[in-house]
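See below for the structure under consideration.
The values are calculated or read from the model by the stated rules, or taken from the named source; none is laboratory data. Note that the structure is a prediction, hence the values are computed from the model and not measured. Glycine also receives a Cβ, built like all others from the backbone with ideal geometry; neighbour counts cover every protein chain displayed. In case anyone asks, the SASA skips ligands and DNA or RNA and just uses the protein heavy atoms, side chains included. Shrake-Rupley method; radii C 1.70, N 1.55, O 1.52, S 1.80 Å.
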Amino acid sequence: MEVGSSSSNFKLYDQFELLEFEDRLVFKSLESPDKGFSICRHESSSGKPSKTSTIYGVAGTIRLLAGTYVLVITSRKEVGSFLGFPVYRVESMKFLACNEALRFSNSQEKRDEAYFMSLLKTVEATPGLYYSYETDITVNLQRRCKLMEAWTSKPLWKQADPRFVWNNHLLEELIEYKLDRFIIPLLQGNILKLLLYHAFEPICILRSFKYGVTGTRMWRRGANLEGDTANFIETEQLLELEGFRCSSLQIRGSIPLLWEQIVDLSYKPQLRIIQHEQT
């Protein structure tokens, strides 16, 4: 990756021109055309891009058997505001190949890669992903009030609570190359906004943390000695009125015992309670 110049402002770029060359992918901010980065596909050079499109964010990268793929947001919808900043829901995403290693793979490797690509298609269709270009939506209001003012000047990915960042592991390469204004933390959950009597604007945010990359409670359930649960959901109802804000927070997780259940194809998977004096 080739890194563009950085800025101390934490506001993210919100629209990009994606130029797909034979040898590289180029991401250019429409707001600031001189800001961007590129991903090299192979060493040879080409003149004109084979395809040009508009995207609304880069959700991260993932490495499979035959190379790396980048996940981009291809459409979005504004669904409301949080603390005065617009909030968007991801409407569609797409994985793009970053290299041509698959061309030099054998038949078995190509079959394996095709299987993993089918899993990426499922990731592309993940529902309930939300984000903001101007403020973090993963931290509840009560915690925000306790944080120092310098916290809000950090890049959004540093402000975010990693428990509620759906694409946390996908962002590692972007973070490594210090592409702070391109890094979008995605929240998986639900955001509902109601308008009452033109004065009250309550917004309800459900933040869900679930064990594993897939983000589904059907893979693992349980709790450990440190109090971490395999499934953890935080629901915040936020009311803003004439400059005042009120937050009602509900936290739900697995039962507070040391237990585990590995879910398989059996009708009733075995549940194991771990006997421990601190349970």
> So between Asn106 and Leu249, what do we pick up on full extension, going 0.36 nm a residue minus the alpha carbon distance?
Replying inline: 46.2 nm
> Given the pairs Lys35/Lys178; Lys28/Lys154; Lys77/Lys178; Lys158/Lys178; Lys35/Lys121; Lys51/Lys110, which are separated by over 20 angstrom at their Cα positions?
Replying inline: Lys28/Lys154; Lys77/Lys178; Lys35/Lys121; Lys51/Lys110
> Counting only protein chains, not ligands or nucleic acids, how are Arg103, Arg181 ordered by accessible area (probe 1.4 Å), most first?
Replying inline: Arg103, Arg181
>> How many angstrom lie between the Cα centre of the stretch 26-40 and the Cα centre of the stretch 60-115?
In response: 18 Å
> Any idea how far apart Ser32 and Gln15 come out in nm if each label point goes 7 Å out from Cα toward Cβ?
Replying inline: 1.8 nm
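Can you tell me the accessible area per residue over the stretch 1-186, all protein chains present, probe 1.4 angstrom, in square angstrom?
Working: 9380 Å² over 186 residues.
Spelled out: the 1.4 Å probe surface of the stretch 1-186, per residue, equals 50 Å².
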>> If every alpha-carbon in the stretch 25-110 counts as one equal scatterer, what log10 I(q)/I(0) does Debye give at q = 0.12, 0.14 1/Å?
In response: -0.50, -0.65
>> Quick check: pseudo-label points 7 Å beyond the Cα along Cα→Cβ at Glu124 and Glu260, how many nm apart are they?
In response: 3.5 nm
> Can you give the FRET efficiency for Arg63 and Lys154, using 1/(1 + (r/R0)^6), R0 = 41 Å, r = Cβ-Cβ distance, to the nearest 0.05?
Replying inline: 0.90
